[in-house]
Amino acid sequence: MKNEEKERLLAMCCYEQPYWEKGLLVAGIDEAGRGPLAGPCVAAAVVLPPGCLIAGVNDSKKLTEKRREALYEQITAQAVCCAVGVADNHTIDTINILKAAQRAFAQALEGLAQQPAFVFSDRIGGIDTALPYEEIVGGDRLCYSIAAASIVAKVTRDRMMRAYDELYAGYGFAQHKGYGTRQHMEAIAAQGICQIHRTTFLKRLSG
């Protein structure tokens with residue numbers, strides 16, 4: 001690992017370091033899929049061993065799909081534990097996207113095989129958990145554990161959307177992952193909606 005990259009990662013670990021120095025485990029948690037017109041919102045919680053630095057970990061939005069896939073394999077292989085929470089489109093339509101995302105966050109934390117001493121979360125506006133946590137605005141670019149979680153969440157959701165592409169042909173889910181691209185909107189106009197579309201999001205657009 002180059003010195004410049006190591007320094008960047010160490011700077012991102014400023015939140016974890018006080019806990020790691022005491023030998024305590026820290027979780028990062030983030031989500032993917034709050035904005036799309038179709039598919040689930042997926043949250044991931046990741047607990048990495050103290051001092052475990054993986055070159056390239058960054059906000060998932062700053063990485064190519066190929067790089068995210070490679071980092072996903074490294075993160076999940078080296079993590080103490082990882083877990084995901086999923087809120088499907090029906091849940092999103094029923095309780096709204098914010099509450100659905102909060103529920104996915106809570107599910108991810110509940111699914112961890114080992115409880116961390118503390119959780120760092122991207123901004124979500126509250127998590128139903130007994131674990132102590134701190135929300136960090138822009139956490140996926142500022143906090144190492146949150147950045148790792150953002151990669152796991154994004155890759156997990158993208159894989160789900162590629163699987164949906166095979167079930168619901170013609171929408172292009174493998175390409176746009178459910179976001180409101182021109183290709184997606186044209187497919188909806190031509191074929192109507194399918195079972196994974198978020199009807200409340202589409203009503204907002206048409207209204």
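Give the residues of the stretch 1-13 that are open to solvent by less than 80 Å² (accessible area, probe 1.4 Å) and in a loop (DSSP other than H, G, I, E, B), sorted by residue number. Scanning the stretch 1-13 gives a single hit, Cys13.
Ile146: closer than 28 Å to Ala70 by Cα, outside any helix (DSSP H, G or I), out of contact with any Lys or Arg (no Cβ under 8 Å at 6 or more places or on another chain) and open to solvent by less than 20 Å² (accessible area, probe 1.4 Å), yes or no? It is false that Ile146 is closer than 28 Å to Ala70 by Cα, outside any helix (DSSP H, G or I), out of contact with any Lys or Arg (no Cβ under 8 Å at 6 or more places or on another chain) and open to solvent by less than 20 Å² (accessible area, probe 1.4 Å). Do the conditions hold for Gln195, that is, is it open to solvent by 60 Å² or more (accessible area, probe 1.4 Å), within 28 Å of Ala27 (Cα to Cα), assigned to a loop (DSSP other than H, G, I, E, B) and not aliphatic (A, V, I, L, M)? Spelling it out, it is not the case that Gln195 is open to solvent by 60 Å² or more (accessible area, probe 1.4 Å), within 28 Å of Ala27 (Cα to Cα), assigned to a loop (DSSP other than H, G, I, E, B) and not aliphatic (A, V, I, L, M). The set of residues in the stretch 164-187 that are assigned to a helix (DSSP H, G or I) and closer than 18 Å to Pro40 by Cβ comprises Tyr164, Asp165, Glu166, Leu167, Phe173, Ala174, Gln175, His176, His184. Of the candidates Ile97, Ile54, Ile92, the single residue that is surrounded by 17 or more Cβ atoms within 10 Å (Cβ to Cβ), β-branched (Val, Ile, Thr) and under 22 Å from Tyr144 (Cβ atoms) is Ile54.
Taking the stated definitions as given, is Pro40 open to solvent by less than 10 Å² (accessible area, probe 1.4 Å), at pLDDT 95 or above and over 18 Å from Gly139 (Cα atoms)? For Pro40, the condition - open to solvent by less than 10 Å² (accessible area, probe 1.4 Å), at pLDDT 95 or above and over 18 Å from Gly139 (Cα atoms) - is met. If I filter the stretch 183-191 for residues that are touching a helix residue (DSSP H, G or I) at 6+ places or on another chain (Cβ under 6 Å), buried (at least 23 other Cβ atoms within 10 Å of the Cβ) and either at negative phi or in contact (Cβ under 8 Å) with a residue 12 or more places away in the chain (or both), do I get at least one hit? No, because not a single residue in the stretch 183-191 is touching a helix residue (DSSP H, G or I) at 6+ places or on another chain (Cβ under 6 Å), buried (at least 23 other Cβ atoms within 10 Å of the Cβ) and either at negative phi or in contact (Cβ under 8 Å) with a residue 12 or more places away in the chain (or both).
The values are calculated or read from the model by the stated rules, or taken from the named source; none is laboratory data. Remember, it's a predicted structure, so these values are computed and weren't measured experimentally. Virtual Cβ from ideal backbone geometry, glycine too; neighbours counted across all protein chains shown. To get the accessible areas, we keep the full protein, side chains included, count just its heavy atoms, and leave off ligands, DNA and RNA. Shrake-Rupley method; radii C 1.70, N 1.55, O 1.52, S 1.80 Å.
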